[in-house]
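Accompanying notes for the structure given below.
The values are calculated or read from the model by the stated rules, or taken from the named source; none is laboratory data. Values in this document were obtained by computation on a predicted structure and should not be read as measured data. Here the Cβ positions follow ideal geometry from the backbone for every residue, glycine too, while neighbour counts run over all protein chains shown.
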Amino acid sequence: MTSKDSKAGWSREEMAARLAQDIPNGSYVNLGIGIPELVARFVPEDKTLIYHTENGLIGMGPSPEAGQGDPELINAGKRQVTAMPGAAYFHHADSFVMIRGGHIDLCVLGALQVAQNGDLANWSTGQPDAIPAVGGAMDLVAGVKSIYVITQHTTKHGDPKLVESCTYPLTGLGVVDRIYTNLAVIEVTPDGFGVSELSPGIDFQDVQNQTGAPLSDIRESATANNP
């Protein structure tokens, strides 16, 4: 494997399936746009999760079959969704009250960069043609109880997304708890990034070679805590 092989390890779907295993049963969950949306496909059958979207729906269901959806029933990413029995609709201001009030248990987001202290940059590269504002992500990282990031370990050019400090505009300071990439599951600890699990066929040095910050190997302690 070369240091710029972004296709090694888990696929996007396998990353999402791995993350889905770790969401506690009964959680209220907000899923970001892109790879995070895949997580809902892989939740184990013995778990019930309640999905929230910033534009005013709790109890969101899966995307409808082609041609079967309601064009006015969409998530925050403007994708058509369905509503589960017992779902509720409300003004988006009330939706953000839920977020800011700490009533959402877990949010899954993508990332442009994550710093070793948990800082997150996921909305802009800072280029002149970038989108003009951070949007609801800044509320999510500040108000949701746990933040998981799911992302390819490097950019398509092979640059690390896990870094000592972010160079892109920040979404939140010290907000990320755990990162799921195609190479590994990585905890954000008081001492920096800790690898708690490796993707099949990947060794620790593979991950370090593609990370822009020091890594510690905490697999043994992670296994002991989750027998």
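Taken over the range 195-224, the criterion of being touching a helix residue (DSSP H, G or I) at 6+ places or on another chain (Cβ under 9 Å) and closer than 17 Å to residue 150 by Cβ is satisfied by 195, 196, 197, 198, 199.
I'm checking my understanding of the structure. Among residues of the range 185-194 that are out of contact with any Ser or Thr (no Cβ under 6 Å at 6 or more places or on another chain) and surrounded by 14 or more Cβ atoms within 10 Å (Cβ to Cβ), which one is farthest from residue 148 (Cα to Cα)?
Start the filter on the range 185-194 by keeping residues that are out of contact with any Ser or Thr (no Cβ under 6 Å at 6 or more places or on another chain), which leaves 186, 188-193.
From the residues that got through so far, the ones that are surrounded by 14 or more Cβ atoms within 10 Å (Cβ to Cβ) too are 186, 188-189, 192-193.
Working: 186: 10, 188: 10, 189: 13, 192: 16, 193: 14 Å.
So the residue we want is 192.
Among the residues making up the range 169-186, those that are under 10 Å from residue 118 (Cβ atoms), aliphatic (A, V, I, L, M) and outside any strand (DSSP E or B) are 173, 175, 176.
Listed by first and then second residue, the pairs with beta-carbon distance under 9 Å, at least 6 apart or on different chains, first residue in the range 90-104 and among the basic types (Lys, Arg) and at pLDDT 95 or above, second surrounded by 14 or more Cβ atoms within 10 Å (Cβ to Cβ) and part of a helix (DSSP H, G or I), are 100/139; 100/142; 100/143. When the test is whether a residue is of a type outside the set (S, T, N, Q), under 19 Å from the mean Cα position of the chain (by Cα) and farther than 23 Å from residue 19 by Cβ, residue 79 does not pass it.
Residue 58 is checked against (1) buried (at least 20 other Cβ atoms within 10 Å of the Cβ); (2) of a type in the set (Val, Ile, Thr); (3) part of a loop (DSSP other than H, G, I, E, B) and fails just one. What number does that condition carry? So the condition that residue 58 fails would be (3). Just one residue in the set 135, 126 is modelled with pLDDT under 95, more than 20 Å from the chain's Cα centre (by Cα), farther than 20 Å from residue 23 by Cβ and in a loop (DSSP other than H, G, I, E, B); that residue is 126. For the range 6-36, a tally of residues being surrounded by fewer than 17 Cβ atoms within 10 Å (Cβ to Cβ) and either charged (D, E, K, R) or part of a helix (DSSP H, G or I) (or both) returns 5.
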